[in-house]
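First up is the structure itself, then whatever we jot down about it.
The values are calculated or read from the model by the stated rules, or taken from the named source; none is laboratory data. Note that the structure is predicted; figures quoted are calculated from it, not measured. All Cβ positions, even for glycine, are placed from backbone atoms using ideal geometry, and neighbour counts span all protein chains on display. Just so you know, the surface numbers come from the protein's heavy atoms only, side chains and all, with ligands and any DNA or RNA stripped out. Shrake-Rupley method; radii C 1.70, N 1.55, O 1.52, S 1.80 Å.
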Amino acid sequence: MDDWYRTAVIYEVRVRSFADADSDGNGDFAGLTSRLDYLQSLGVTALWLLPFYPSPLRDDGYDIADYRSVHPDCGTLDDFQRFLEAAHARDLRVITELVLNHTSDQHPWFQRARHAQRGSPERDWYLWSDAADGLAGARVIFRDFERSNWSWDPVAEQFFFHRFYSSQPDLNYDHPAVREAILDVTDFWLQLGVDGLRLDAVPYLFKREGTTCESLPETHRFLRELRAHVDSRFAGRMLLAEANQCTEQTLAYFGAGDECHMAFNFPLMPRLYLALERECAEPITEVLAQLPDLPPGCQWATFLRNHDELSLEMVSDAERQELWRHWAPDPRARINLGIRRRLAPLLGGDRRRIELLNVLLLTLPGTPVLYYGDEIAMGDNLYLPDRHGVRTPMQWSGTRNAGFSACDPQSLALPVVVSPDYHYMGTNVEAQDRQPGSLLNWTRRFLAARKRHAALFGRGALRILPGGDPGVLAFLRLHDSRRVLVLANLAASSRLASVDTSAIVQPPGAASPVRLRDLLSGHELTLAGPTLQAILEPHAALVLLVAS
Ligand code: GLC
């Protein structure tokens, strides 16, 4: 089984924001291709590309008007293929978006449907109704922008259903031709050589009256069909579920190993922030205890931030209020049921907390997904609408447009960050390249060290250990004879970590003295007794490899 994704490090990149080769103010594939050296030097092994298809861009390209082509802003299909070849030549895998729940209202399928006869097969590619009161159990997700999941179409003279913006009508998965068409789109990109597909908004495909219209059995049945279809035609490809659901329902996207290979760890993500805020490991240990071993070949995609708001949809109301109060006191930072901030400003620019969360991202079970720009602690722009504030151009240097584009600064699709604390003059790749202690170089060193133990971190089991202090998260990762002990101080004050070493020394009592080497600092220590004790400074972490 080619399960490359289990030992991967994924880098999420918005093509439009990464590098602009033709100076039109938009990033493009030629630009991205020219920056592959950088991505390789960073140490990531796979790139996940945000939507780059023709689109009216009402939802940043998640409103697709043509599934088989490239938006002219980003280049051509030939440019994409050149990029894919160049990435593969460097052993970088490429994951693209399969937006399968909805299309843009500009897609020819919707245009055909709205003009077609009521009840005709063409009309039925989408969901229509004479009243806007059906499927009332389906929650409104973009609640700051939409009041209902139904909108009136004056051409069809009916309401149509949409889970997201009213410019994104939902496809009707009960229609065999729709399912067939989406399988064809899947084949199109996999035939080109794409290694993985992120299944956008996958819980909402099938709708049934009287339900929440989320994670229905029919949706899982289709995913098994999709998986079987992919497996029968292509080798070594990966399906990644974007299913922002409660723990049990998120797990369902792995099926019995016959649905998605990967799913984002939405249950874990907000609890990392809860633990940091409460200075207490329990929110993390509690959720990890609920996550069972995954079916063979499956893997979590672990993440701290992405191109969307930091979703607080799946925490309790009280926890959401607590997280909002703590991490988003500025109301402009709140959107829908989440927080629209990048990692660095979210954490108040605190380098120790940024590193601490990255240590957890890179050592907890799962494949880490890094969001572009977070490796240089890029800032955001709360004055931009929707989630665009976390999608601004990559900051390469202190020159014009942060080195992203040679265009007239006024023609940039999104402005570069110029707030004093995160200005591109100071926060950029070129400057951080030169500073050995920069976050960029810290990330490079960590990724390089992690790569040497990729199997341990990617495939290893997890054992939570009592850390001796409520603020200390202690866990062991184990794979074959290899072990790594992670100690993380979630508190803003120094704490004494205290760990029973019988879990580390295998078999208990054997082969002492045991030597431990910190992956981050290279320091070595020797276990002297039955208990390992270490004073951890505020927000400090140790990643201790056990010498075999
Ligand atoms: C996913 C995407 C988000 C998009 C939504 C609708 O949640 O991550 O950016 O707005 O789907 O397509």
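Looking only at residues in segment 302-320 that are small (Gly, Ala, Ser) and surrounded by fewer than 18 Cβ atoms within 10 Å (Cβ to Cβ), which one is nearest to the ligand (Cβ to nearest atom)? Working first, answer last.
Filtering segment 302-320 down to residues small (Gly, Ala, Ser) leaves 311, 316, 318.
Cutting the leftovers down to surrounded by fewer than 18 Cβ atoms within 10 Å (Cβ to Cβ) gives us 316, 318.
Working: Ser316: 21, Ala318: 25 Å.
In this case the residue turns out to be Ser316.
As for segment 101-108, it holds no residue that is open to solvent by less than 40 Å² (accessible area, probe 1.4 Å), away from the ligand (no atom under 16 Å from the Cβ) and either in contact (Cβ under 8 Å) with a residue 12 or more places away in the chain or not aromatic (Phe, Trp, Tyr) (or both). Here the condition is being in the same structural domain as Pro292 (by TED's automatic domain parsing), of a type outside the set (D, E, K, R) and free of Cβ contacts under 8 Å to residues at least 60 places away in the same chain; of Leu183, Leu192, it holds for Leu183 alone. If you go through segment 373-410 and keep only what is hydroxyl-bearing (Ser, Thr, Tyr) and crowded, with 24+ Cβ neighbours inside 10 Å, you end up with Thr392, Ser405.
Please determine whether any residue of segment 179-190 is surrounded by fewer than 19 Cβ atoms within 10 Å (Cβ to Cβ) and more than 30 Å from Glu12 (Cα to Cα). No, segment 179-190 has no match at all.
Here are some residues: Arg352, Arg387, Arg400, Arg342. Which one is closer than 26 Å to Leu476 by Cβ and either out of contact with any helix residue (DSSP H, G or I) (no Cβ under 8 Å at 6 or more places or on another chain) or not assigned by TED's automatic domain parsing to the domain that holds Leu490 (or both)? Give the steps one after another, and end with the answer.
Working: Arg387 fails: closer than 26 Å to Leu476 by Cβ; Arg400 fails: closer than 26 Å to Leu476 by Cβ; Arg342 fails: closer than 26 Å to Leu476 by Cβ.
That would be Arg352, the only listed residue that is closer than 26 Å to Leu476 by Cβ and either out of contact with any helix residue (DSSP H, G or I) (no Cβ under 8 Å at 6 or more places or on another chain) or not assigned by TED's automatic domain parsing to the domain that holds Leu490 (or both).
Is there a residue in segment 202-220 that is outside the structural domain of Ala333 (by TED's automatic domain parsing), outside any loop (DSSP other than H, G, I, E, B), within 16 Å of the ligand (Cβ to nearest atom) and of a type in the set (A, V, I, L, M, F, W, C)? There is no residue in segment 202-220 that is outside the structural domain of Ala333 (by TED's automatic domain parsing), outside any loop (DSSP other than H, G, I, E, B), within 16 Å of the ligand (Cβ to nearest atom) and of a type in the set (A, V, I, L, M, F, W, C).
Where helices (runs of 4 or more DSSP H) fall entirely within segment 2-88, those with at least 1 residues that are open to solvent by less than 40 Å² (accessible area, probe 1.4 Å), assigned by TED's automatic domain parsing to the domain that holds Tyr372 and within 16 Å of the ligand (Cβ to nearest atom) are at 15-18. Only a single item in (1) crowded, with 21+ Cβ neighbours inside 10 Å; (2) more than 16 Å from the ligand (Cβ to nearest atom); (3) assigned to a strand (DSSP E or B) is not met by Ile95, and it is number (2). With respect to the conditions (1) buried (at least 17 other Cβ atoms within 10 Å of the Cβ); (2) out of contact with any Lys or Arg (no Cβ under 6 Å at 6 or more places or on another chain), Leu343 lacks only one, and its number is (2). Being more than 15 Å from the ligand (Cβ to nearest atom) and of a type in the set (S, T, N, Q) holds for only one residue in Ser148, Ser166, and it is Ser148. Each residue in segment 221-244 was checked for being of a type in the set (S, T, N, Q) and either within 16 Å of the ligand (Cβ to nearest atom) or surrounded by 13 or more Cβ atoms within 10 Å (Cβ to Cβ) (or both), and 1 pass. Listed by first and then second residue, the pairs with beta-carbon distance under 8 Å, at least 6 apart or on different chains, first residue in segment 232-255 and over 22 Å from Thr285 (Cα atoms) and modelled with pLDDT of 95 or more, second acidic (Asp, Glu) and within 16 Å of the ligand (Cβ to nearest atom), are Glu242/Asp200. For the condition within 16 Å of the ligand (Cβ to nearest atom), surrounded by 23 or more Cβ atoms within 10 Å (Cβ to Cβ), over 22 Å from the mean Cα position of the chain (by Cα) and part of a loop (DSSP other than H, G, I, E, B), Cys260 does not qualify.
Go through segment 112-132 and give me each residue that's open to solvent by less than 50 Å² (accessible area, probe 1.4 Å), polar (S, T, N, Q) and over 22 Å from Thr211 (Cβ atoms). Hit for segment 112-132 is Ser120, nothing else. Residue pairs whose Cβ atoms lie under 7 Å apart, sitting 6 or more positions apart in sequence or on different chains, and linking a residue in segment 321-342 that is in contact (Cβ under 8 Å) with a residue 12 or more places away in the chain to a partner that is among the aromatic types (Phe, Trp, Tyr) and buried (at least 20 other Cβ atoms within 10 Å of the Cβ), are Leu323/Tyr273; Trp327/Tyr273; Ile339/Trp327.
Would segment 75-88 turn up any residue that is touching a Lys or Arg at 6+ places or on another chain (Cβ under 9 Å) and of a type in the set (A, V, I, L, M)? Yes, the conditions are met somewhere in segment 75-88. Residue count for segment 384-395, restricted to those that are in contact (Cβ under 8 Å) with a residue 40 or more places away in the chain and either of a type in the set (Lys, Arg) or out of contact with any Phe, Trp or Tyr (no Cβ under 6 Å at 6 or more places or on another chain) (or both): 7.
Looking only at residues of segment 502-524 that are under 28 Å from Ala448 (Cβ atoms), more than 31 Å from the chain's Cα centre (by Cα) and outside any loop (DSSP other than H, G, I, E, B), we find that the one that is modelled with the lowest pLDDT is Ala503. Would you confirm, using the coordinates I've provided, whether Ala491 is at pLDDT below 95 and more than 24 Å from Arg444 (Cβ to Cβ)? Judged against the criteria, Ala491 is not a match.
Taken over segment 133-178, the criterion of being acidic (Asp, Glu) and open to solvent by 20 Å² or more (accessible area, probe 1.4 Å) is satisfied by Asp133, Asp144, Glu146, Glu157, Asp174.
Comparison of Phe160, Phe110 shows that the only residue that is assigned to a strand (DSSP E or B) and modelled with pLDDT of 95 or more is Phe160.
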